[in-house]
């Protein structure tokens with residue numbers, strides 16, 4: 001994987017450098033070239049550091065590695081944006097050259113690049129670079145609390161005003177700041193939850209990533225409990241284990257760690273929350289997603305014994321599950337809480353306009369969705385993975401406030 005990416009990055013750098021080399025830089029040429037090749041070296045160092053961690057199976061990222069790779073990734077994206085300008089102009093130049101060859105007699109020359117467009121492209125590419133660099137330095141710990149007030153006719157009166165606080169996709173192996181983590185945990189408590197629900201992906205790959213944070217997570221307390229499920233990353237499927245027994249031990253350790261943190265895990269089962277003699281159901285399934293993701297969730301088992309009239313909240317890590325199984329299930333699930341997408345940690349997330357590349361794979365990628373009185377909420381994620389930052393799509397704590405119509 002490292003070599004193909006390295007080849008692509010080198011070819012991209014050569015293409016971009018040829019464009020910069022054609023600009024009228026005058027006396028500043030040496031400065032421009034020095035800065036450019038410094039970005040090339042930084043990019044190569046960042047990619048190498050990241051893949052070295054992956055190769056040796058290191059489960060916890062260092063702050064220096066996250067910073068180096070984050071800036072390298074930001075530079076790659078900026079150069080890709082710039083190359084889009086260059087490629088568009090190159091295609092136009094090629095078309096004009098071809099037309100002149102066909103329709104014009106005499107000597108035909110291939111037109112040079114427009115300096116104006118090249119400068120515009122540089123300015124345009126600075127926008128994603130600055131945005132993603134901010135995401136690496138600060139955006140990944142810019143926690144946002146989002147509140148949705150949902151009303152139902154059949155909600156028990158005792159649960160009117162009941163607060164469900166959800167967070168998802170912690171990916172603790174990526175964290176590089178204890179202060180940043182504590183900021184997020186404090187935001188969960190500040191929401192004054194009646195119940196706390198974690199919807200999967202506590203780690204990137206292995207249970208040891210979560211071990212250092214047991215005491216930190218013990219601060220999470222809610223009157224009606226803390227419940228969790230597993231996400232696709234929690235099963236250890238992305239690691240080469242010496243034996244199936246080692247993999248099973250890793251999963252058992254993660255379950256133990258989450259229990260020590262204070263979570264009750266719901267593996268294809270449910271619990272009843274009782275308040276003033278009335279009840280609602282909180283159910284949880286193991287990961288169920290489109291292939292190649294595991295389909296271990298058993299909705300039938302999770303809802304076994306739950307009456308059709310019972311108000312039910314389901315935790316299911318992958319939002320694909322809602323469209324493909326949950327909505328069609330004979331037992332109506334009033335609210336499904338998911339995560340998984342992270343909003344790709346990159347995009348535009350405004351009240352009046354939302355966009356992220358992840359929407360091409362997951363049409364329901366962030367926020368609230370409704371169909372025939374059934375709701376899905378997709379949490380944007382608490383942590384980060386891969387790109388060590390967030391740009392435009394900030395880490396989220398979700399508050400679902402229940403009400404009666």
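The numbers here are math on the coordinates, done by the rules we state, and not lab data. The model shown is predicted, which means the values in this text are computed figures rather than measured ones. So basically every Cβ, Gly included, is an ideal-geometry build from the backbone, and we count neighbours across all protein chains shown.
When each of the peptides 244-253, 28-37, 198-207 is scored by the mean number of other C-beta atoms lying within 10 Å of its residues, the order from highest to lowest reads 198-207, 244-253, 28-37. Between residue 251 and residue 17, the modelled labels are 4.8 nm apart [label points 7 Å from Cα along Cα→Cβ].
What 222 nm value per residue comes from the helices of the chain, counting each DSSP H run with n ≥ 4 as -39,500 (n - 2.57) and dividing by all residues, nearest 500 deg cm²/dmol?
Working: 8 runs with 150 residues, N = 405.
So the calculated ellipticity at 222 nm is -12500 deg cm²/dmol.
Could you work out the mean projected area of the convex hull around the alpha carbons of the stretch 230-363, in square nanometres to one decimal?
Details: hull surface 44.0 nm².
If you wrap the Cα atoms of the stretch 230-363 in a convex hull and average its projections, you get 11.0 nm².
Structural descriptor for the stretch 143-404: relative contact order 27 percent, calculated from alpha carbon pairs under 8 angstrom and at least 6 residues apart. Scaled against 2.2 N^0.38 Å for its residue count N, the alpha carbon radius of gyration of the stretch 72-115 is 1.59.
By other beta-carbon atoms within 10 Å, ranking 51, 162 with the fewest at the front produces 51, 162. Taking label points 7 Å from Cα along the Cα-to-Cβ direction, residue 186 and residue 323 give a separation of 3.9 nm.
The shape of the stretch 134-246 can be summarised by an equivalent ellipsoid whose semi-axes, obtained from the alpha carbon gyration tensor, come to 29, 19, 13 Å from longest to shortest.
Between the helical axis of 178-190 and the longest alpha-carbon principal axis of the chain there is an angle of about 50 degrees. Note on residue 138 and residue 44: their simple-model spin labels are 3.3 nm apart, each label 7 Å out from Cα toward Cβ. For a paramagnetic label modelled on residue 149 (point 7 Å from Cα along Cα→Cβ), amide N atoms under 12 Å away belong, within the stretch 387-402, to 401-402.
Ranked by the mean number of other Cβ atoms within 10 Å of their residues, highest first, the peptides 311-324, 84-97, 66-79 come out as 311-324, 66-79, 84-97. Using a Gaussian network model of the chain in which every pair of alpha carbons under 10 angstrom is joined by a spring, one finds that among 373, 173, 277 the greatest mean-square fluctuation is at 277.
Stretched out straight at 0.36 nm per residue, the stretch from residue 243 to residue 223 would grow longer than its current Cα-Cα span by 3.1 nm.
Comparing 381, 26, 139 in a Gaussian network model of the chain, where Cα atoms under 10 Å apart are tied by springs, the biggest mean-square fluctuation is seen for 26. If a paramagnetic tag sat 7 Å from the Cα of residue 54 along the Cα-Cβ line, which residues of the stretch 224-240 would have the backbone N under 15 Å from that point? It comes to 238-240, nothing else.
For the stretch 2-137, what is one quarter of the convex hull surface built on the Cα atoms, given in nm²? Spell out each step's value before the answer.
Values: hull surface 41.2 nm².
Mean shadow area of the hull around the Cα atoms is 10.3 nm².
P(r) for the chain, from all Cα pairs and a bin width of 20 Å, is 25, 48, 21, 6, 0 %, short bins first.
With Rg and the Kirkwood Rh both taken from Cα atoms, where does Rg over Rh land for the stretch 209-300? Can you show the working numbers first?
On the way: Rg = 15.2 Å, Rh = 14.9 Å.
Expressed as Rg/Rh, it is 1.02.
The stretch between residue 353 and residue 298 holds 16.3 nm of extra length on full extension. This uses 0.36 nm per residue minus the Cα-Cα distance.
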